[in-house]
Amino acid sequence: MNQAFDGLGSTRQFYQDVLQRNSIDDRGMRLDAYVHRGVRYNNAFWNGQVMVFGDGDGVVFTDFTASLDVIAHELTHGVTEHTAGLDYHNQSGALNESMSDVMGVLVKQWSLRQTADQADWLIGADIFTPGIGADALRSLKAPGQAYDNDLLGKDPQPAHMRDYVELPDTEEGDNGGVHINSGIPNKAFYVTALEIGGYAWEVAGRIWYESLRASTATTEFQEFADTTFVKAGELYGIDSAEQKAVQTGWDGVGITVTSEPTAMRGSGVPSGTDSVADVVRHLAEMSASIENLRRDLQRQAVGGGRPAPPLA
């Protein structure tokens, strides 16, 4: 019980101190948890209101409260629910899982004060029993290599889009592979964080969090990649080392970023790496047009002329 209490507290403190987020809902939500769920229950989960922890079966898994990154992973599903609300299937669902993995390892690294090159980048390394030959549930550093044994089989996660796994959007198909294809954005984050260096939660974590907040329920890999690139430019400057690191991260998994998210295309906002200057010029032109129209309307009103059509 103490481990669960400490894990919830550490996760909440991380969001407060690092990302200035006030609990899961950003409104001070109380974090409740239940331990010893069922008998030999092999899981932990967030049900939208409370955390639930199993004790493990003692054969494969041990106490699920033993892993801080697992606790932070589950609670981050709550953060995602209260921000982008990523649909839990196919690519948006894989992003949902990936965000939980990313924040899970960041909370652990923050707690241990580890730099990106010092961290193990593993999720669930502490919940396997000693008799199981497995490093962890997942590896952000090396998706597909977290475990390989007769009991569990081989870690099925891909680390590149060329190996993307097409699965049915059913419960048996892992909702389109949400726990499997999450390896792709996981690896992109790992490479980005390593390129930037230092503490991963300070820069790479901030970029990913702000990108989550800017996403929608249907955001997929390409749009999220584009958003992280744009956010890196907004936070640290166009063509900054941080923005280039983001590009390198996504290049490494077979996704080529563009200078604007898909959702912004066709919005009338100019594209390209010089879009800030273009937007300023575009707004100035619009302002001049509006001012000319205002003067025309004023002249017509004074001269009793025919009124102009209403603005749409």
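Give me the residue from the range 196-205 that is part of a helix (DSSP H, G or I) and touching a Phe, Trp or Tyr at 6+ places or on another chain (Cβ under 9 Å) and, out of that set, nearest to residue 81 (Cα to Cα).
Here the residue is 205.
So, in the range 106-132, how many residues would count as being more than 25 Å from residue 160 (Cα to Cα) and outside any helix (DSSP H, G or I)? Residues that pass the stated criteria total 9.
Is the range 234-255 home to any residue that is assigned by TED's automatic domain parsing to the domain that holds residue 98, modelled with pLDDT under 95 and not aliphatic (A, V, I, L, M)? No, the range 234-255 contains no residue that is assigned by TED's automatic domain parsing to the domain that holds residue 98, modelled with pLDDT under 95 and not aliphatic (A, V, I, L, M). A single entry from 211, 215 fulfils the requirement of being in the same structural domain as residue 95 (by TED's automatic domain parsing), outside any helix (DSSP H, G or I) and either at pLDDT 90 or above or surrounded by 16 or more Cβ atoms within 10 Å (Cβ to Cβ) (or both): 215.
In the range 222-242, is there at least one residue being assigned to a loop (DSSP other than H, G, I, E, B) and touching a residue at least 40 places away in the same chain (Cβ under 8 Å)? First the steps, then the outcome.
Quick first cut of the range 222-242, residues assigned to a loop (DSSP other than H, G, I, E, B) only: 237-240.
Add one more test, that the residue is touching a residue at least 40 places away in the same chain (Cβ under 8 Å), and what stays is none.
No, the range 222-242 contains no residue that is assigned to a loop (DSSP other than H, G, I, E, B) and touching a residue at least 40 places away in the same chain (Cβ under 8 Å).
Scanning the range 100-140 for residues that are among the basic types (Lys, Arg) and buried (at least 20 other Cβ atoms within 10 Å of the Cβ) turns up 108, 138. On the stretch given as the range 168-195, residues that are surrounded by 17 or more Cβ atoms within 10 Å (Cβ to Cβ) and part of a loop (DSSP other than H, G, I, E, B) total 5.
The values are calculated or read from the model by the stated rules, or taken from the named source; none is laboratory data. What you see is a predicted model, and the numbers here were worked out from it, not measured in a lab. Please note: Cβ atoms are built from the backbone with ideal geometry, for glycine as well, and neighbour counts cover all protein chains shown.
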